Amino acid sequence: MTILIDHRPEFGFEVEEKVSNDKDLVYNEGFEMPHANAFGHNFRDYDAETERQGEVEDFYRTNHIYQTYDFVKTMRAEYGKLDKVEMSIWECCELLNNVVDESDPDLDEPQIQHLLQTAEAIRKDYPYEDWLHLTALIHDLGKVLLDPSFGELPQWAVVGDTFPVGCAFDESIVHHKYFKENADYDNSAYNTKLGAYEEGCGLDNVLMSWGHDDYMYLVAKENKSTLPSAGLFIIRYHSFYALHRAGAYKHLMNEEDKENLKWLQIFNKYDLYSKSKVRVDVEKVKPYYLSLIDKYFPAKLRW
Ligand SMILES: O[C@H]1[C@H](O)[C@@H](O)[C@H](O)[C@@H](O)[C@H]1O
Ligand SMILES: [Fe+2]
Ligand SMILES: [Fe+2]
């Protein structure tokens with residue numbers, strides 16, 4: 001076993017990493033969470049008084065009002081057709097640089113930097129899990145729905161945390177109070193603990209608020225990506241903080257979900273805490289990621 005002590009000034013904190021020679025046994029003791037985001041506040045502090053606070057709260061107000069069961073059904077049917085554009089994964093990474101995410105209090109770097117910062121950080125601690133590196137690279141590509149070539153969806157239909165629709169909105173969801181104006185809030189078919197679902201039915205049978213997670217999952221699945229089920233699960237539920245952070249909605253999971261959740265919780269640490277001002281050199285790492293794309297995806301995908 002090799003023990004590496006590494007200094008990662010780009011994250012503003014030190015990373016200590018243990019790497020095993022046994023390919024099946026990877027120790028993850030490396031990544032240390034920074035105490036503050038790039039603006040000097042706690043991560044995901046939605047009440048901190050910053051210049052972004054008003055914009056982010058306004059985002060969640062509209063998001064919570066308009067994400068209804070019927071809306072999600074319509075969007076899944078429309079965007080599940082994948083008839084909008086043909087492009088490669090890397091082309092999409094580059095396209096994403098045009099989009100701004102108004103829901104995120106911790107990030108104002110170009111999106112491609114967030115993708116590479118997440119992927120490079122997780123690659124360091126899990127050097128043998130190449131599927132995880134690629135999952136990190138593509139997890140937010142669904143934000144391309146904000147681009148004009150996709151009909152320029154509004155922010156509230158693309159970014160932000162996600163949550164199930166068709167059952168009661170859990171109190172742990174950010175700015176929960178705005179659900180009172182959601183059309184499903186007073187609908188007795190959708191406002192109980194189980195609502196339209198059954199205990200243990202599996203998340204695959206649950207409709208999630210529409211956005212970049214579920215869309216990118218559909219893109220990966222329909223284009224026959226060979227990523228393992230944990231990779232697809234991470235993409236699909238990475239914004240589902242009520243589940244992976246607060247432990248809500250566990251009664252909807254099945255056994256496979258529970259297994260996959262472990263990987264999602266590992267991934268989340270990197271997704272959230274790698275956000276920093278220090279940029280990754282895109283050209284330097286590009287060949288590595290192109291080789292992973294080639295391994296797990298066709299050259300052109302339908303979006
Ligand atoms: O603001 C962020 C951002 O939109 C992320 O991409 C999403 O995954 C998070 O859940 C959300 O809180
Ligand atoms: Fe995301
Ligand atoms: Fe992300």
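The values are calculated or read from the model by the stated rules, or taken from the named source; none is laboratory data. Computed from a prediction, not measured in an experiment: that's the story for all the values here. Every residue, glycine as well, gets a Cβ built from its backbone with ideal geometry; the counts of neighbours run over all protein chains shown. For the accessible areas, the whole protein counts, side chains as well, though only heavy atoms, and no ligand, DNA or RNA atoms are used. Shrake-Rupley method; radii C 1.70, N 1.55, O 1.52, S 1.80 Å.
From (1) open to solvent by 30 Å² or more (accessible area, probe 1.4 Å); (2) at positive phi, pick out the condition that doesn't hold for Ala189.
Single failed check for Ala189: (2).
Any residue in the range 257-285 that is of a type in the set (A, V, I, L, M, F, W, C) sitting within a Cβ distance under 6 Å of a residue that is more than 15 Å from ligand 2 (Cβ to nearest atom)? List the pairs, counting only those 6 or more apart or interchain.
Pairs found: Trp263/Ala230; Val278/Glu10; Val280/Glu120.
Going residue by residue through the range 140-157, is there one that turns out to be of a type in the set (A, V, I, L, M), farther than 18 Å from Phe240 by Cβ, within 16 Å of ligand 2 (Cβ to nearest atom) and not in a helix (DSSP H, G or I)?
Yes: the range 140-157 contains one or more residues that are of a type in the set (A, V, I, L, M), farther than 18 Å from Phe240 by Cβ, within 16 Å of ligand 2 (Cβ to nearest atom) and not in a helix (DSSP H, G or I).
Could you say which residue among Gln117, Gln67 is within 16 Å of ligand 2 (Cβ to nearest atom) and more than 25 Å from Glu181 (Cβ to Cβ)?
It is Gln117.
Are any residues in the range 116-152 within 11 Å of ligand 1 (Cβ to nearest atom) and either touching a residue at least 60 places away in the same chain (Cβ under 8 Å) or surrounded by fewer than 23 Cβ atoms within 10 Å (Cβ to Cβ) (or both), and if so, which ones?
Once the filter is applied, which keeps residues that are within 11 Å of ligand 1 (Cβ to nearest atom) and either touching a residue at least 60 places away in the same chain (Cβ under 8 Å) or surrounded by fewer than 23 Cβ atoms within 10 Å (Cβ to Cβ) (or both), the range 116-152 yields Thr118, His139, Asp140, Leu141, Gly142, Lys143.
Would you check which residues across the range 198-227 are buried (at least 21 other Cβ atoms within 10 Å of the Cβ), of a type outside the set (A, V, I, L, M) and away from ligand 2 (no atom under 16 Å from the Cβ) and list them?
The answer is Ser225, and nothing else.
If I go through the range 244-256 residue by residue, how many of them are open to solvent by less than 20 Å² (accessible area, probe 1.4 Å) and without any contact (Cβ under 8 Å) to a residue 40 or more places away in the chain?
Going through the range 244-256 one residue at a time, the tally reaches 1.
Working carefully through the options Val99, Val85, find the one that is under 22 Å from Ser209 (Cα atoms), hydrophobic (A, V, I, L, M, F, W, C) and surrounded by 14 or more Cβ atoms within 10 Å (Cβ to Cβ).
Unique residue meeting the criteria: Val99.
Going by what's in this entry, would Val174 be described as within 16 Å of ligand 2 (Cβ to nearest atom), surrounded by fewer than 23 Cβ atoms within 10 Å (Cβ to Cβ) and of a type in the set (Val, Ile, Thr)? Don't jump to the end; show me each part of the working.
Numbers: within 16 Å of ligand 2 (Cβ to nearest atom): yes; surrounded by fewer than 23 Cβ atoms within 10 Å (Cβ to Cβ): yes; of a type in the set (Val, Ile, Thr): yes.
The answer is yes for Val174.
Pick out, from the range 189-303, the helices (runs of 4 or more DSSP H) lying fully within it that include 2 or more residues that are in contact with a helix residue (DSSP H, G or I) (Cβ under 6 Å, 6 or more places away or on another chain) and either under 22 Å from Asp83 (Cα atoms) or of a type outside the set (D, E, K, R) (or both).
Working: elements: 212-222, 229-237, 241-244, 255-273, 282-296.
Filter on the range 189-303 gives 212-222, 229-237, 255-273, 282-296.
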